[in-house]
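Asks: Below is a structure I'd like to ask you about.
The values are calculated or read from the model by the stated rules, or taken from the named source; none is laboratory data. The shown structure was predicted, so the numbers you read here are calculated from the model rather than taken from an experiment. Cβ: placed from backbone, ideal geometry, glycine included. Neighbour counts: every protein chain shown. Only protein heavy atoms, including side chains, enter the accessible area calculation; ligands, DNA and RNA are left aside. Shrake-Rupley method; radii C 1.70, N 1.55, O 1.52, S 1.80 Å.
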Amino acid sequence: MTKTEAKADRKAFVTLRFAGDDLDPRDISAILPVTPTRAHCKGEEFFAGEHAGTLRGRTGIWFLATDRLVDSDDLADHLAFVQNLLYPTAGDTRRIMKLCDVLGRTHSRAHVTCFWHGDPGETAPPIPAEFRSAIEQLAADIETDFREC
């Protein structure tokens, strides 16, 4: 395998998900200036893809994946995108406070998943303390899916 082929298999992205039975994803969309990858209310029908077809939401979801928004295979770039989405400028906590209000009111939760598929033998990137601190107010759990290609 050539170096170019190996690089083609590298991939990194982050997902940001808000979920809860009482969550109306329009409340999240009113706060975050980005179109979600998927959003639906509990009980709402949505198209889940060619193989899954149309499904009915078991809970309310607002879901964003950065893979089509950030043109990079560096996880740090994807984390920075999410952090800048939550905090448009340093110290500006308005979006976080509004999100916390929605999450509390709707008994919903925030989740972050970090995907990184690197070259064989490559060390997985760390999740920076600054990012962990940035999402702390959301009480979001961070899940990682790190593998070698």
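Asks: In region 23-48, what residues are under 27 Å from Phe81 (Cα atoms) and either part of a strand (DSSP E or B) or more than 19 Å from the chain's Cα centre (by Cα) (or both)?
Replies: Of everything in region 23-48, those that are under 27 Å from Phe81 (Cα atoms) and either part of a strand (DSSP E or B) or more than 19 Å from the chain's Cα centre (by Cα) (or both) turn out to be Arg38, Ala39, His40, Phe46, Phe47.
Asks: Could I ask something else about it? Does Arg68 satisfy the condition of being out of contact with any strand residue (DSSP E or B) (no Cβ under 7 Å at 6 or more places or on another chain), within 19 Å of Gly20 (Cβ to Cβ) and either surrounded by fewer than 13 Cβ atoms within 10 Å (Cβ to Cβ) or not hydroxyl-bearing (Ser, Thr, Tyr) (or both)?
Replies: Working: out of contact with any strand residue (DSSP E or B) (no Cβ under 7 Å at 6 or more places or on another chain): yes; within 19 Å of Gly20 (Cβ to Cβ): no; either surrounded by fewer than 13 Cβ atoms within 10 Å (Cβ to Cβ) or not hydroxyl-bearing (Ser, Thr, Tyr) (or both): yes.
No: the conditions fail for Arg68.
Asks: Go through the residues of region 52-61 one by one and say whether even a single one is surrounded by 11 or more Cβ atoms within 10 Å (Cβ to Cβ) and closer than 23 Å to Pro128 by Cα.
Replies: no
Asks: Only residues that are without any contact (Cβ under 8 Å) to a residue 60 or more places away in the chain and surrounded by 14 or more Cβ atoms within 10 Å (Cβ to Cβ): list them for region 15-33, please.
Replies: Of everything in region 15-33, those that are without any contact (Cβ under 8 Å) to a residue 60 or more places away in the chain and surrounded by 14 or more Cβ atoms within 10 Å (Cβ to Cβ) turn out to be Pro25, Ser29.
Asks: Looking at (1) among the β-branched types (Val, Ile, Thr); (2) touching a Cys at 6+ places or on another chain (Cβ under 9 Å); (3) open to solvent by 70 Å² or more (accessible area, probe 1.4 Å), can you tell me which one Ile142 breaks?
Replies: Unmet condition: (3).
Asks: Given the conditions (1) modelled with pLDDT of 95 or more; (2) open to solvent by less than 90 Å² (accessible area, probe 1.4 Å); (3) hydroxyl-bearing (Ser, Thr, Tyr), which single one is not true for Thr2?
Replies: It fails just one condition, (1).
Asks: Six or more apart or on different chains, Cβ under 8 Å: which pairs go from a residue in region 90-105 that's open to solvent by less than 90 Å² (accessible area, probe 1.4 Å) to one that's in a helix (DSSP H, G or I) and charged (D, E, K, R)? Could you list them?
Replies: From region 90-105, the pairs are Val102/Asp27.
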